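Right, one structure below, let's go through it.
Bear in mind these aren't lab numbers, they're just calculated from the coordinates by the rules spelled out. Quick caveat, the model's predicted, so the values are computed rather than measured. All Cβ positions, glycine included, derive from the backbone under ideal geometry; neighbour counts span all protein chains shown.
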Amino acid sequence: AVRALQARHGGAAVGQAIEAALARLAADLVARGVRRLVVAGGETSGAVVDHLGLKAFQLGPEIAAGVPVLRTAGGDPMLLALKSGNFGGRDFFLRALALMQ
């Protein structure tokens, strides 16, 4: 299905639409009180951070090499794990959630 959409609309446009949809989903979750997010994908992570208007973070414990738990600076605190495709092992998501308690 993704390949068909990419063929019809172009890979970049489909990727941007998916990133925007996930950013809106994250914003909806935050609006409903969710304060811990784990986001996979570098571009998707950027889209979520931008859509939420997050400007600064404090670094927390390291989930995997180069990937810390992030605490938002200012406002209502949130914890985030922003994972690009090349970081973390098979247990990344479980480790992230455990460190975000």
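List of remarks:
- Qualifying trypsin sites (Lys or Arg not before Pro) for segment 57-98 [loop in DSSP, other Cβ within 10 Å: at most 10]: ARG90
- Cβ charges +1 (Lys, Arg) and -1 (Asp, Glu), total dipole of the chain, debye: 160 debye
- Geometric descriptor of segment 55-96, per residue, is 70 Å³ (volume of the convex hull of the Cα atoms).
- The chain: relative contact order as a whole-number percent, Cα under 8 Å and 6+ apart: 25 percent
- Kirkwood hydrodynamic radius (C-alpha pairs) into Stokes-Einstein, the chain, 25 °C and 0.890 mPa s, D in µm²/s: 170 µm²/s
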